[in-house]
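The values are calculated or read from the model by the stated rules, or taken from the named source; none is laboratory data. Quick caveat, the model's predicted, so the values are computed rather than measured. Neighbour counts are summed over all protein chains in view; Cβ atoms, including those assigned to glycine, are modelled from backbone coordinates with ideal geometry.
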Amino acid sequence: MSVFSTDKAPGSTAFVPPYPPRLPSPPSTLRRILIARRDFLEMWEEQAFDLEFSHSRMFLRQTFLCNSPESVQFAFSQKNGSFQRKSPQMRYALEPLLGDGLFISDGRTWRTRRKMVAPIIHVSKIREFAPIMVQAAIETRDRWAAAAGSSIDVLAESAKLTAEIICRTVFGSQLGHNYAEQIVRGFSDYQHSIDQIDVTSFLGLPDWFPRWRSGRLRKNVRQIHAVLDEVIASARKRASDGEPSVINHLFEARDEKGRPLNRKALRNETGVLFMAGHETTANTLAWTWYLLSQASDVEAKLHAELDAVLGSRTPTLNDVPQLVYTRAIVEEALRLYPPVPILPREAIKEEEFHGVRIPKGSLLFVVPWLLHRHRKLWDLPDHFIPERFLPENREKISKFAYVPFSIGPRICAGATFGLTEAILCLATLAQKFQLRLKPGHTVKPVCRLTLRPEGGLPMTVHPRTLGSPQASTETPVPAAVCPFNHAQ
Ligand code: HEM
């Protein structure tokens with residue numbers, strides 16, 4: 001069943017953004033692992049975009065791919081208790097930095113932390129944080145105005161913007177702003193030092209088996225922890241100033257026995273929020289800018305909506321429900337380039353799906369990269385068509401087929417936060433600017449922890465004024481120049 005019907009026949013004029021070459025047939029296990037070490041996106045064969053549920057073996061470990069709404073619902077919703085544990089690779093990669101933080105814990109610790117942290121960034125709290133989002137976007141707007149006509153790296157700019165937003169939200173406007181740069185540097189150094197695939201875990205060796213961690217990584221962790229401890233201590237001294245911030249709510253949070261979070265737990269949870277809530281939204285914004293630059297019809301509709309809803313005033317949270325096309329563009333960007341393109345889990349209990357035994361200890365994957373481009377679920381799966389997500393079409397999409405924020409009890413705790421942030425930032429900036437890809441630049445999606453354009457996204461800033469759908473006369477770089485397109 002297709003979740004989106006369009007009258008655009010194949011050969012439609014909609015833009016097909018780049019994706020890596022697909023393998024003609026399934027590779028050997030070793031080759032798949034070697035490719036995955038370089039880039040998760042490149043390890044898939046053509047047929048993987050048709051599969052619904054499959055089973056294979058990676059050395060000592062059995063692996064299962066859930067690639068249909070039914071199997072995703074089974075694993076992440078109905079049997080979440082059995083598949084809630086993150087894969088050993090992910091725990092190994094993030095545990096030095098995040099300890100028992102919500103993102104990588106499971107069982108009782110996860111339940112307790114989820115109850116304490118999720119309500120603080122829940123949809124009901126967005127009203128407190130939306131002004132911070134818009135203020136940071138306005139500062140970016142002023143910076144871009146000064147850069148008009150020149151080239152900026154939109155990936156770096158988006159990362160700076162979302163880092164400001166998450167730091168100010170978590171630690172309060174002043175403290176967050178003061179520490180944002182240091183925290184970003186620490187986390188991005190960490191990301192460079194960790195190995196994407198822990199081969200020891202794929203081999204099926206147990207958690208206690210010694211794994212090597214570089215001195216650089218350990219030093220890096222110490223530095224990040226020191227910065228987080230320092231900023232948390234400063235925030236505690238200011239806790240009485242009444243400024244809305246996540247950390248003030250975390251100081252007040254209590255578990256079921258009435259106990260507050262201790263120093264380490266506070267550090268772990270603020271680390272989780274920064275890590276989970278910074279790069280994901282930054283990548284979403286960067287991809288959105290790229291897609292808009294290649295689809296002038298979509299861009300014109302966006303401008304028409306912004307002009308009609310906002311005129312020349314800055315958006316507020318109250319405008320978000322009216323920005324339906326803006327939202328559809330962001331959701332389509334999240335479909336084509338899900339920032340977290342692979343969701344790996346370890347089975348902590350034996351289960352069975354349609355007669356197939358899933359033993360305890362096996363690895364199970366939900367892969368938004370595959371699911372969001374699945375040929376049985378989407379018409380023109382590789383095309384950029386935001387209309388899929390307009391309210392009249394949206395309900396045809398199964399919530400288990402579109403999972404940029406995951407699904408089930410472990411769904412992203414900041415999903416509404418992230419989506420609202422992306423809409424408000426895009427609206428504030430697209431009101432005033434069009435961005436154009438630097439001529440000759442090749443865009444290549446790559447996944448190392450998150451999915452982003454490899455080597456950044458150089459684009460030129462063109463100011464636009466109210467009612468000018470095509471402020472820039474520069475033509476978008478045609479998709480055909482990109483060697484990674486295979487479905488023109
Ligand atoms: C567009 C932006 C975002 C995307 C695409 C995204 C996506 C995700 C995904 C896929 C997961 C589950 C990962 C897994 O199961 O392995 C997740 C978890 C999480 N996200 Fe987000 N996220 C975004 C923004 C945010 C923001 C802004 C915050 C915080 C303010 C946040 C906080 C969290 C937390 C705390 C978790 C762990 C939840 C748990 O394990 O119970 N995310 N996110």
Test for PRO315: is it within 20 Å of ILE126 (Cβ to Cβ), more than 16 Å from the ligand (Cβ to nearest atom) and crowded, with 24+ Cβ neighbours inside 10 Å: yes
Anything in segment 111-130 that is under 13 Å from VAL320 (Cβ atoms) and not hydrophobic (A, V, I, L, M, F, W, C)? List them, or say none. ARG127
Condition check: more than 16 Å from the ligand (Cβ to nearest atom), closer than 27 Å to PRO453 by Cβ and crowded, with 21+ Cβ neighbours inside 10 Å. Does PHE389 satisfy that? no
Determine, yes or no, whether LYS444 is at pLDDT 95 or above, touching a Gly at 6+ places or on another chain (Cβ under 9 Å) and among the charged types (D, E, K, R). yes
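So which residues in segment 426-455 are at positive phi and within 12 Å of the ligand (Cβ to nearest atom)? Break it down stepwise before answering.
Step one: of segment 426-455, the residues at positive phi are 440, 449, 455.
Result: LEU449, single match.
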Condition check: more than 11 Å from the ligand (Cβ to nearest atom), within 17 Å of SER56 (Cα to Cα) and surrounded by fewer than 20 Cβ atoms within 10 Å (Cβ to Cβ). Does LYS360 satisfy that? yes
Being surrounded by 18 or more Cβ atoms within 10 Å (Cβ to Cβ), farther than 30 Å from ALA147 by Cβ and within 16 Å of the ligand (Cβ to nearest atom) is the requirement here; does PHE405 meet it? yes
Quick check on this structure: which one of ILE397, ILE423 is out of contact with any strand residue (DSSP E or B) (no Cβ under 7 Å at 6 or more places or on another chain) and either small (Gly, Ala, Ser) or within 11 Å of the ligand (Cβ to nearest atom) (or both)? ILE423
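Of the residues ARG327, ARG335, ARG345, which single one is among the basic types (Lys, Arg), in contact with a strand residue (DSSP E or B) (Cβ under 9 Å, 6 or more places away or on another chain) and within 16 Å of the ligand (Cβ to nearest atom)?
Details: ARG327 fails: in contact with a strand residue (DSSP E or B) (Cβ under 9 Å, 6 or more places away or on another chain); ARG335 fails: in contact with a strand residue (DSSP E or B) (Cβ under 9 Å, 6 or more places away or on another chain).
That would be ARG345, the only listed residue that is among the basic types (Lys, Arg), in contact with a strand residue (DSSP E or B) (Cβ under 9 Å, 6 or more places away or on another chain) and within 16 Å of the ligand (Cβ to nearest atom).
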Scan segment 232-286 residue by residue and report those that are within 16 Å of the ligand (Cβ to nearest atom), hydroxyl-bearing (Ser, Thr, Tyr) and assigned to a helix (DSSP H, G or I). THR270, THR280, THR281, THR284
When both residues are 6+ apart or on different chains and their Cβ atoms are under 6 Å apart, which pairs have a first residue that lies in segment 263-282 and is within 16 Å of ARG185 (Cα to Cα), and a second that is within 8 Å of the ligand (Cβ to nearest atom) and of a type in the set (Phe, Trp, Tyr)? VAL272/PHE103; ALA276/PHE103
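Do we find that ARG85 is over 30 Å from LEU317 (Cα atoms), under 23 Å from the mean Cα position of the chain (by Cα) and not polar (S, T, N, Q) in this structure?
For ARG85, the condition - over 30 Å from LEU317 (Cα atoms), under 23 Å from the mean Cα position of the chain (by Cα) and not polar (S, T, N, Q) - is met.
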Specify the residue that is nearest to SER188 (Cα to Cα); the eligible residues are those in segment 132-164 that are in contact with a Cys (Cβ under 7 Å, 6 or more places away or on another chain) and not small (Gly, Ala, Ser). LEU161
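Kindly indicate which of SER158, SER150 is of a type in the set (S, T, N, Q) and more than 21 Å from the chain's Cα centre (by Cα). Outline the logic, then answer.
Working: SER158 fails: more than 21 Å from the chain's Cα centre (by Cα).
Just one listed residue meets the conditions, SER150.
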If you scan segment 251-301, which residues turn out to be touching a strand residue (DSSP E or B) at 6+ places or on another chain (Cβ under 6 Å) and among the basic types (Lys, Arg)? none
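Find the strands (runs of 3 or more DSSP E) located wholly in segment 334-415 whose residues include 1 or more that are of a type in the set (Asp, Glu) and under 24 Å from MET90 (Cβ atoms), and list them.
Values: elements: 343-346, 351-353, 356-358, 363-366.
Filter on segment 334-415 gives 343-346, 351-353.
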